[in-house]
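*Asks:* I'd like to ask some things about the structure below.
Throughout, read-outs are computed from the coordinates displayed, never taken from laboratory work. Since the structure is predicted, the reported quantities are computational estimates derived from the model, not experimental observations. Here Cβ is always computed from backbone atoms with ideal geometry, including for glycine, and neighbour counts include all displayed protein chains.
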Amino acid sequence: MKKSGIPIQANNNCVVASIQIDLNTEMLDLFRNELLTFCAKVNPDGIVLDVSGQRIMDDRDFLNLRKIVDSAKIMGYPTVMSGFKPGVVASLVALDVNIDGILATRNMDEAFLLLTKPELTIEVEDNEEESETNIENHGEDFGENSE
């Protein structure tokens, strides 16, 4: 039987697959079957797809990865994609891919936290938005005091 060549292992009660090879539809179909079979055996808390080895990714590659995420979700395994490179992200945004419902983290540590301790949320501070909110609130306070 032909194999995808993507290593799959259990770590921190999660399944980790590190995708370090060039993506193509046939290989990702094989990988999806291998991953779901492995998960059925070990029953993990979730799956981490490490894509940090991908320097380029087009919309077709992303769609095939999304099929893997959707398949895992149907089986009850939350899946996090981890390690997107800035250039890959820029390309995916430029291609206007649908990222709705995709959980992504910067690194594997954050992915493990998200899967094993879902009550913890990973927040990225957005100072610009916070500043705008503060300015709006101060403006309202100022307006009320000036009457």
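*Asks:* Considering only L65, V42, L23, whose Cα is most displaced toward the positive end of the charge dipole of region 8-121, charges sitting on Cβ of Lys, Arg (+1) and Asp, Glu (-1)?
*Replies:* Projecting each Cα onto the dipole axis, the largest value belongs to V42.
*Asks:* Give, rounded to the nearest 20 debye, the magnitude of the charge dipole that region 6-116 has about its Cα centre when Lys and Arg contribute +1 at Cβ and Asp and Glu contribute -1 at Cβ. Each step should come with its number before you reach the end.
*Replies:* On the way: 9 positive and 14 negative charges, 30 e Å.
Dipole about the Cα centre, nearest 20: 140 debye.
*Asks:* Per 10 Å bin, what percent of the C-alpha pairs of region 8-121 does each bin hold, from zero upward?
*Replies:* Cα pair-distance distribution for region 8-121, in percent: 14, 50, 32, 4.
*Asks:* In nm, give the distance between the simple-model label positions of A40 and D96, each being 7 Å from the Cα along the Cα-to-Cβ direction.
*Replies:* Going from the A40 label point to the D96 one covers 3.9 nm.
*Asks:* Next up: Calculate how many DSSP beta bridges within region 8-121 are antiparallel, expressed in % of all such bridges and rounded to the nearest 5. Spell out each step's value before the answer.
*Replies:* On the way: 4 of 15 bridges.
Among the beta bridges of region 8-121, antiparallel pairing accounts for roughly 25 percent.
*Asks:* A follow-up question, please. Identify the trypsin sites (Lys or Arg not before Pro) of region 57-108 meeting these criteria: DSSP loop state and at most 13 other C-beta atoms within 10 Å of the C-beta.
*Replies:* On the way: sites: R60, R66, K67, K73, R106; in loops: R106.
The qualifying sites are R106.
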